[in-house]
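Only one structure is covered here, and it is reproduced in the block below.
The values are calculated or read from the model by the stated rules, or taken from the named source; none is laboratory data. What you are looking at is a predicted structure, and each value in this text was computed from that prediction instead of being measured. Virtual Cβ from ideal backbone geometry, glycine too; neighbours counted across all protein chains shown. Accessible surface is based on the protein model in full, side chains and every heavy atom, while ligands, DNA and RNA are left aside. Shrake-Rupley method; radii C 1.70, N 1.55, O 1.52, S 1.80 Å.
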Amino acid sequence: MNYLEALGRLEQLENSFEVGRIRVQGVCVWPWLRLYLFQVMAHTKNEHSHEISAGKVKTVLRSLFAFNPLAYLRRRSVWVFNGAERRKEIKGKYIHRVSGFVPSMISDALCIEKPSLAGGHRRRSEIEERHIVSESWILLASHAAERLLRFRRPDVEGADVMDAIISELGVAFDYRYFIRFLLAQRSVVKCLMRVAGRPDTVVIECPYTVMGYLWAFHDRGVRVIELQHGVAGESHYAYVWHHSSVLYPDTLCVFGKRELDYFTRRNPDYAREVVPSGLYILEKCSQAFDSDPFASYRDRFRTIVVFAGQDAVAGENVEFLVEAARKNPETLFIYVPRTDNPGFPPDKANLLYRPGINIYEYLMWCDIHCTVYSTTCLEAAYYGRPTVFHNLDNYSMKYYGDYLEAGRGVEYIDSPDQFAGAVSRLEGCGLFEFPEAFSPFRGKLLKKLICGKTDDQDV
């Protein structure tokens, strides 16, 4: 089944089975298990993400000493968990798109960065963080702890419910492995706090992959703040179980009103506090990129289109772009993948492949943005750029149809044959009108939330 079908099926299962009974050490672990079960159901790119490969081992080992690991041992009041893959280059420095405000605002913060599979970590000369360590140490210890837990089988209350769900689906799903790994994450982070001292606040960009960390922090009374990093709402499988949990954050900082409405009205159990805080990278890029990167192409092409790719539909992205470029020779198509796709065809006259660039710079200067369901459609709107959605398997409409209605800067198409018509409609619609997807970046508010204090300086 595809993504949307799996999302609907998962909701049916949650309505049919007493999933709240599935507990370990008194805590319901369904919020964690449902994430990995969904990936098996939908056959997502992350279906085997938990498995250890030679490439992952090499990345972790190579990253252990990218930064001084002794920085773990000094007590810091704030820990910030983020990922190297979410850095964007701005004027020679690689900035975290979501939590990049921390180095200039919070002096007593430790950045715990997960290495990217593609390149590990950036060199110290390329980043702004002074206090930073690699999460590789925690990852390595968690996998080792999971192996030790195999010798003492954790008790699982409601195992009959989980077994019945797997039987009904007819899939292979080793839920006991995921429970062991959740417990391993928890035990490693609790051990780290015993050695390094307990932080007052933890900031996490992507908490649903490290729920064991959140469990450990809540055990010790540490406040956890999530900074929205991508899609968050009814169309994302991590945000649609309407029950509170120690595996969820205390505070959720969202991009803007759309997510605020969802988490306060439709899923108020996810976090006790929801705050619109904007997205740091948008204003940072607005200040930095003041020259047109496409200037040399303007006299050769009528329209410049930036296509934001996504790993889950990378093959379909390529097929769409190759055909759209063939049918629209007066348009320059630039494909920016989420992660590098070595199989992309070589550059052609009007089809370019640009992995690793700062897509926000391109969104600022392109004529049209295109994607299937990336949040770059919201970021393009922030910069006043229209979006043509490739509505593959109705994904675009499911994600954004109720928020970005067709017309006035938004078009939905099902095939490359319809691209020229969409461009024509955009050219004839007059002024673009977009909802305000992002609140202005609220640096002072974030500092107050994280540190409990603020001053006159903002970012």
Next item on the list: Output the residues belonging to the stretch 430-444 that are farther than 16 Å from residue 405 by Cα and either surrounded by 19 or more Cβ atoms within 10 Å (Cβ to Cβ) or under 22 Å from the mean Cα position of the chain (by Cα) (or both).
Entry: 438, 439, 440, 441, 442, 443
Next item on the list: Those residues that are of a type in the set (A, V, I, L, M), open to solvent by 20 Å² or more (accessible area, probe 1.4 Å) and modelled with pLDDT under 90, I need them from the stretch 1-45; list them, please.
Entry: 1, 4
Next item on the list: Working only within the stretch 337-351, note down all residues that are outside any loop (DSSP other than H, G, I, E, B) and surrounded by 15 or more Cβ atoms within 10 Å (Cβ to Cβ).
Entry: 351
Item checked: Residue ID - nearest to residue 229 (Cα to Cα), chosen from residues in the stretch 327-336 that are buried (at least 16 other Cβ atoms within 10 Å of the Cβ) and not aromatic (Phe, Trp, Tyr) -> 336
Checklist line | In the stretch 237-266, the residues that are assigned to a helix (DSSP H, G or I), open to solvent by 10 Å² or more (accessible area, probe 1.4 Å) and among the hydrophobic types (A, V, I, L, M, F, W, C) | finding: 260
Next item on the list: Test residue 224 against the criterion of being within 21 Å of residue 188 (Cα to Cα), at pLDDT 95 or above, buried (at least 21 other Cβ atoms within 10 Å of the Cβ) and of a type in the set (Val, Ile, Thr), and give yes or no.
Entry: yes
Item checked: Residues that are open to solvent by 20 Å² or more (accessible area, probe 1.4 Å) and touching a residue at least 24 places away in the same chain (Cβ under 8 Å), drawn from the stretch 417-429 -> 417, 420
Notebook entry, point to check: What residue, of 119, 92, 83, 100, is out of contact with any His (no Cβ under 7 Å at 6 or more places or on another chain) and at positive phi?
Noted result: 92
Next item on the list: State yes or no: is residue 324 open to solvent by less than 20 Å² (accessible area, probe 1.4 Å) and outside any strand (DSSP E or B)?
Entry: yes
Next item on the list: Residues being open to solvent by 20 Å² or more (accessible area, probe 1.4 Å) and either within 19 Å of residue 280 (Cβ to Cβ) or touching a helix residue (DSSP H, G or I) at 6+ places or on another chain (Cβ under 8 Å) (or both): count how many of those fall in the stretch 210-221.
Entry: 2
Notebook entry, point to check: Out of curiosity, is residue 176 touching a Phe, Trp or Tyr at 6+ places or on another chain (Cβ under 6 Å), open to solvent by 10 Å² or more (accessible area, probe 1.4 Å) and either closer than 30 Å to residue 444 by Cα or touching a residue at least 12 places away in the same chain (Cβ under 8 Å) (or both)?
Noted result: no
Checklist line | Meets criteria (part of a strand (DSSP E or B) and aliphatic (A, V, I, L, M)) for residue 363 | finding: no
Next item on the list: Name, by its number, the condition in (1) in contact with a His (Cβ under 8 Å, 6 or more places away or on another chain); (2) over 24 Å from residue 88 (Cα atoms); (3) open to solvent by less than 40 Å² (accessible area, probe 1.4 Å) that does not hold for residue 269.
Entry: (3)
Notebook entry, point to check: Under 7 Å by Cβ, and 6 or more places apart or on different chains, what pairs join a residue from the stretch 383-399 that is over 18 Å from residue 425 (Cα atoms) with one that is of a type in the set (D, E, K, R) and assigned to a helix (DSSP H, G or I)?
Noted result: 392/316
Notebook entry, point to check: residue 146 passes all but one of (1) in contact with a His (Cβ under 9 Å, 6 or more places away or on another chain); (2) more than 25 Å from residue 357 (Cβ to Cβ); (3) among the charged types (D, E, K, R); (4) buried (at least 17 other Cβ atoms within 10 Å of the Cβ); which number fails?
Noted result: (1)
Notebook entry, point to check: Of all helices (runs of 4 or more DSSP H) completely enclosed by the stretch 110-207, which ones contain at least 2 residues that are in contact with an Asp or Glu (Cβ under 7 Å, 6 or more places away or on another chain)?
Noted result: 175-196
Check: Would you pick out the residues in the stretch 272-286 that are open to solvent by 30 Å² or more (accessible area, probe 1.4 Å) and among the hydroxyl-bearing types (Ser, Thr, Tyr)?
Finding: 286
Note to self: One residue is enough: does the stretch 145-158 have a residue meeting the conditions in contact with a Ser or Thr (Cβ under 8 Å, 6 or more places away or on another chain), at pLDDT 95 or above and more than 25 Å from residue 77 (Cβ to Cβ)?
What the structure shows: yes
Next item on the list: Look through 157, 234 and report the one residue that is open to solvent by 20 Å² or more (accessible area, probe 1.4 Å), farther than 24 Å from residue 59 by Cα, in contact (Cβ under 8 Å) with a residue 60 or more places away in the chain and not hydrophobic (A, V, I, L, M, F, W, C).
Entry: 157
